[in-house]
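Participant: Got a structure here, written out as structure tokens. Questions coming.
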Amino acid sequence: MFNFYSRWSLPRQLSISALISVILAISIFLFVVSTVFYKEINKVSDNHQEKEVSLIASQLEAQFEAIMHMTHTLSAVLNDTFQALEVDPAETVLIGSIKSPKVSLKGETLNLNFTKIDQFTRSTGATATIFVRDGNDFLRATTSLKKENGARAIGTYLGNQHPGYQKLMSGQAYVGKAFLFGRNYMTKYVPVVKSGKTIAILYIGVAYDDILAEINQSLGKLTFGSSGYVFITDTGKNEGQILLHPTLKGKNLYQVLPDLKSTFAQMYQARQGSITYQAKISGRDQQPEYSKAVFQHIEGWNWVVAIKLYRDEYQGVIVSNIINLGILSLIGALILSAVLWFIIRRALKPMKEITQGLELLGQGQLDFRFESLNNRASKNEMDLLKRDITAMRDGLIKVITQVRHSSELLIESSESIDNANGQLKQQS
């Protein structure tokens, strides 16, 4: 191979060598650049995701605080209205088949009396219920809360399994989320205490389905990169339940991706962080994709919000740009090699004339002349070589002239000697 290479013309050797060297240098450069860019872009992407997920969490927490403020305010209004109610266990009012203790306010019986409670709901938009104590439980005596079929949720018990039961029995208020009859509510239960005993409970529920719909609409439109998105899951007893997702809303992460349960469980063990995994998401992916999710816990709601990005998304952008840069660099290398070939070929063009001159000189033709010979001030190697060859030719001509002259003198001397010898012979 090197013998073949050595037989090429000098311009071709130099231009091809330059092309190979430039391509090798560019390849090393692009490899280093792509590696550095990939690390730096991932770092920037991670920081960006963390800031974005923190911003989303802050916005959701602010909405939660607004709902809580409304809940506390309306609960205070309800308490001011019904705090003076009285319970008379000796008198009962039949609610369905249950004999409920009589609840009254300023002499007006409230059992099955929906006038005041409906008036409160019409003026505030919040549902309200008055529970009356019946033994160790609390019965709904009057309410504006309705079931899915439109019937009032009346004559049912709170139940000792309610998360606020123990607090209410001990005279403390309970605040929490609740899913009642197909709707989401922020609820507050305030006990009515007489003689150290909870005799009734004033409930208020502020529906926030409209807020959830607004959250779903606004966050659902967000995209990160070209295909990244936001998803929100519940925690606690509903851990992994998907509240917001482009295709999996209403499902549970653990059921959809059971093989990744331990990975997704990390989102509920820390306040914030990130996880990486490979999964095929129904409705989104054609095949399992490597993904990264940056998550943060949302105070108040007790949700986890996460921003998911595909690992190859930024890598694809980097590769695309590196390929474009490589193509441009290759074009540049080819242009550089062509320019070098042209310059070197032009610079070595006199070499052909020099070669021909040396060949003629070797054949003994000392009368040749170079067609172009720059002035003696030229530092060009070709001009210097021409001058040296011309000087060598002139030297050879001089030597030959001297040899010829010496030969002529020798011949003349020989002839003189012959003539002298002839004269001596004649005299003798």
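Participant: Report the far tail of the P(r) of the chain, meaning the percent of Cα-Cα pairs longer than 35 Å.
Facilitator: Here the tail beyond 35 Å accounts for 63 percent of pairs.
Participant: Sorted by mean Cβ packing within 10 Å, highest first, what order do the peptides 402-412, 112-122 take?
Facilitator: Order by mean packing, descending: 112-122, 402-412.
Participant: Given just the C-alpha atoms of region 86-208, how large is their convex hull per residue in cubic angstrom?
Facilitator: Output value, Cα hull per residue: 106 Å³.
Participant: Then there's this: Please list the three semi-axes, largest first and in whole Å, of the ellipsoid equivalent to region 178-224, using sqrt of 5 times the eigenvalues of its alpha carbon gyration tensor. Numbers along the way, then the final one.
Facilitator: Values: eigenvalues 271, 19, 8 Å².
They are 37, 10, 6 Å, listed largest first.
Participant: Separate question: Report the semi-axes of the equivalent ellipsoid for region 199-311 in whole Å, largest first, where each axis is √(5λ) for an eigenvalue λ of the Cα gyration tensor.
Facilitator: Working through the eigenvalues yields semi-axes of 27, 17, 13 Å.
Participant: Could I ask something else about it? Would you pull out the residues with amide H under 5 Å of Tyr229's amide H, same chain only if 5 or more places away, H placed 1.01 Å from N?
Facilitator: Phe224, Lys308
Participant: May I ask you to list, by number, the DSSP H helices of the chain whose Cα span along the axis is at least 27 Å and whose average Kyte-Doolittle hydropathy reaches 1.0 or more?
Facilitator: 311-347
Participant: Taking a cut-off of 19 Å, what percent of all Cα-Cα pairs in region 129-276 are separated by more than that?
Facilitator: Cα-Cα pairs in region 129-276 separated by more than 19 Å: 64 percent.
Participant: Rounded to the nearest 500, what is the 222 nm mean residue ellipticity of the chain from helices alone, with -39500 (n - 2.57) per DSSP H run of 4+ residues and division by all residues?
Facilitator: Helices in the chain give a 222 nm mean residue ellipticity of -17000 deg cm²/dmol.
All of the numbers you see were taken from the coordinates with simple rules; none came from a lab. Given the structure is predicted, the values throughout are model-derived calculations rather than measurements. Every residue, glycine as well, gets a Cβ built from its backbone with ideal geometry; the counts of neighbours run over all protein chains shown.
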